[in-house]
Amino acid sequence: MKKKVVINPEFEDLREFVEHVDKRMRKKKGKILHNKRNLVKKMKTNKRKLVVKSFGRIVLINKFAYSWLRDSKAKRAYDNAMLFLSLGINTPKPVAYVECFRFGLLVNSYFIAKYTKFEPISEVIYLSQEQQDEFVRDIAVFATKLHKHDIYHVDFNIENVLFKYKNGKFIFSLIDNNRMVRTKMPLTLGVKNFSRLHFPAPLLEKMVKEYIKINKGDEAVLWPLFEKYRRDFLNKDGLWRKVKRLWRKPYAEVKK
C-alpha cells in the first residue's frame, strides 16, 4: 500500500506514530469517541494527547474522485484547520494527515489533531438561563466572525461547534472542518448556517435573531427566510437519514 504523509513541522517528533496510524487505528488501543460513518479515537503518544479520525469506507466513485479530481477529506480537514488558525478561529491544532492508496486509488485517509478539552454546544441546554443568554450573544458574534472571513461551515451543528466557558465568556472551537466553503456571506446565507443546529426552538430563535440584530439585518425578512431554511433542512435530513440506513454500515474496528 502506498501512503502520502503530511506532518505539521511542529509535530515532527510524532512521525513514527503518524506513518503507522492506520495500523494503530486497527488495534484495540485508544478511546473511541465516535464510531458511525467514521471512526474517531482519542490516543496518546510521546506524552501528547491526540484525536485521530479515520474517514469511513469510500464508495468506488469517490475512490476515483478523491484520487484524481478533488482533495481527500483528511487533506481538506488539515488545510482548513490551518486556515482557521491563521484567521484567529479556534480549532484543534492539526498534526498531520495520511492518505492510503491501493492500485492508485484512495482507500482510506486519516486526520490527526491535538486533543482539546472543549465540550459540544449540545451541552448548553443544561446551563443556567443566565449562561444561555450569554451563549446566545457569544455564538452570534462567533458566527459573524466566521462569515466576515467568508467562511461557510457546511456542518455547523451542535456536535461540531465546541465550547468552554472561561472568565464569564464562551470560547468556541470548530471541528469536522473538511466540509467548508469560502464564499461571500450575505445575511441571507448567514442565517441559513444556523439551520442545522438542533436546539429547542425558543433557544434557536434567540440565536438567529441575535445574529440578525448584531449584523443590522431586517428581521422581518430574514427570520421567515430562516424558518424556510430550517423546514427544508429537517425534511431533507429526515429523508437522507432513511436512505443512509439502507446502505451504510457503521465503520467497525478491524480485529487483529
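The values are calculated or read from the model by the stated rules, or taken from the named source; none is laboratory data. In this text, all values refer to a predicted model and were calculated from it rather than measured experimentally. Here the Cβ is made from the backbone with ideal geometry for all residues, glycine too, and neighbour counts use every protein chain on show.
Just one of LEU127, LEU174 is surrounded by 20 or more Cβ atoms within 10 Å (Cβ to Cβ) and closer than 28 Å to LYS93 by Cα; which is it?
Sole residue among the options that is surrounded by 20 or more Cβ atoms within 10 Å (Cβ to Cβ) and closer than 28 Å to LYS93 by Cα: LEU174.
Which one of the conditions (1) over 20 Å from ASN167 (Cα atoms); (2) surrounded by fewer than 16 Cβ atoms within 10 Å (Cβ to Cβ) does GLU119 fail to meet, given that it meets all the rest?
Checking GLU119 against (1) over 20 Å from ASN167 (Cα atoms); (2) surrounded by fewer than 16 Cβ atoms within 10 Å (Cβ to Cβ), the one that fails is (1).
Do you know which of the residues in region 29-87 that are surrounded by 13 or more Cβ atoms within 10 Å (Cβ to Cβ) and β-branched (Val, Ile, Thr) is farthest from THR116 (Cα to Cα)?
By that ranking, first place goes to ILE58.
Scan region 1-38 for residues that are under 17 Å from LYS75 (Cβ atoms) and assigned to a helix (DSSP H, G or I) and jot them down.
Within region 1-38, PRO9, PHE11, VAL18, GLU19, VAL21, ASP22 qualify.
Which pairs have Cβ atoms under 6 Å, sit 6 or more apart or on different chains, and link a residue in region 19-30 that is at negative phi to one that is modelled with pLDDT under 85 and among the aromatic types (Phe, Trp, Tyr)?
Cβ pairs passing all conditions: none.
Working only within region 142-171, note down all residues that are β-branched (Val, Ile, Thr), surrounded by fewer than 21 Cβ atoms within 10 Å (Cβ to Cβ) and in contact with a strand residue (DSSP E or B) (Cβ under 9 Å, 6 or more places away or on another chain).
VAL154, ILE158, ILE171
Pairs under 8 Å by beta carbon, first residue assigned by TED's automatic domain parsing to the domain that holds TYR152 in region 72-94, partner surrounded by fewer than 20 Cβ atoms within 10 Å (Cβ to Cβ), six or more apart or different chains?
none
Determine whether GLU99 is acidic (Asp, Glu) and surrounded by fewer than 16 Cβ atoms within 10 Å (Cβ to Cβ).
So GLU99 fails the test.
Where the second residue is assigned to a loop (DSSP other than H, G, I, E, B) and among the basic types (Lys, Arg) and the first is under 30 Å from SER109 (Cα atoms) and lies in region 164-187, which pairs have Cβ atoms under 9 Å and are six or more apart or on separate chains?
Listed by first residue and then by second, the contacts come to LYS164/LYS117.
What helices (runs of 4 or more DSSP H), lying completely within region 143-256, carry at least 3 residues that are modelled with pLDDT under 95 and out of contact with any Ser or Thr (no Cβ under 9 Å at 6 or more places or on another chain)?
219-247
Could you grab me the full set of residues in region 102-134 that are more than 22 Å from the chain's Cα centre (by Cα) and of a type outside the set (Ser, Thr, Tyr)?
Scanning region 102-134 gives ARG102, PHE103, GLY104, LEU105, LEU127, GLN129, GLU130, GLN131, GLN132, ASP133, GLU134.
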